[in-house]
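Inspection log for the structure reproduced underneath, given as structure tokens.
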Amino acid sequence: GNYRLLRERAAPAECAAVVKADGYGLGTVGIARRLLREGCRKFFVATLAEVAELRALAPDVSIYVLEGAVLAAVDELVALRATPVLSSLEQIERWRGHGRALLHIDTGMTRLGLSAADVRVLAGRRDLLEGIELEYVITHLACADEAEHPQNRAQVKLFDELRRLLPPAKTCIGNSAAIFIDAAHRGDLVRPGV
């Protein structure tokens, strides 16, 4: 029911499911099976070990790995057809030439992601993206659970400025709470392709 509600609220954008940490303690396999029956085809996990478990269950879905292209995991990510969420220049360099990836820009969550300075370096060094197909450029709204919080618009403004420095790609700012910011408060938070 949660997935159906989120999918409907996110439409026409696609809705992915985060099943990290053993499905938040509910069991990745059981949760993923149910989500597959509901039509979910994009999943986020935290680690490479979680990729293997999900890939065995769902050979044809997209799996995004939040820890990114960590040291010594590149070959396994490729073998498991997993897509890393790249959050540092080091990870981008490590993933060069290996195909699809997501770029995560930190616009104010202050956990993971490329800083504004990192994005500017990347904009001046497009060679770092050689052999990387950007599927999405993403960010995470820190205050999306408060629709009118000024940080939401500030983060989207910064995200838009920074993503324009990068090659064209779909974008994602829609963590679960952001999906529920109603139309009256969304304004420029939602646009086609997001």
Just need a number here: residues in the range 131-146 that are open to solvent by 30 Å² or more (accessible area, probe 1.4 Å) and at pLDDT below 95.
4
Count - residues of the range 84-120 that are modelled with pLDDT under 95 and open to solvent by 30 Å² or more (accessible area, probe 1.4 Å)
4
Residues within the range 18-29 that are open to solvent by less than 50 Å² (accessible area, probe 1.4 Å), touching a helix residue (DSSP H, G or I) at 6+ places or on another chain (Cβ under 7 Å) and more than 19 Å from residue 5 (Cα to Cα), tallied
2
Among the residues of the range 121-130, write down those that are open to solvent by 50 Å² or more (accessible area, probe 1.4 Å), of a type outside the set (Asp, Glu) and either within 19 Å of residue 157 (Cα to Cα) or in a helix (DSSP H, G or I) (or both).
121, 124, 126
Would you check which residues across the range 159-174 are more than 21 Å from residue 127 (Cα to Cα) and open to solvent by less than 30 Å² (accessible area, probe 1.4 Å) and list them?
159, 160, 171, 173
Out of the residues in the range 35-55 that are in a loop (DSSP other than H, G, I, E, B) and either polar (S, T, N, Q) or in contact with a strand residue (DSSP E or B) (Cβ under 7 Å, 6 or more places away or on another chain) (or both), state the one that is most open to solvent (accessible area, probe 1.4 Å).
41
What are the residues in the range 68-111 that are under 24 Å from residue 143 (Cβ atoms), in contact with a helix residue (DSSP H, G or I) (Cβ under 7 Å, 6 or more places away or on another chain) and not in a loop (DSSP other than H, G, I, E, B), if any?
105
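The values are calculated or read from the model by the stated rules, or taken from the named source; none is laboratory data. Being a predicted model, the structure only gives us computed values, none of them experimental. Using ideal geometry, Cβ is built from the backbone for each residue, glycine included, and neighbour counts are taken over all protein chains shown. In case anyone asks, the SASA skips ligands and DNA or RNA and just uses the protein heavy atoms, side chains included. Shrake-Rupley method; radii C 1.70, N 1.55, O 1.52, S 1.80 Å.
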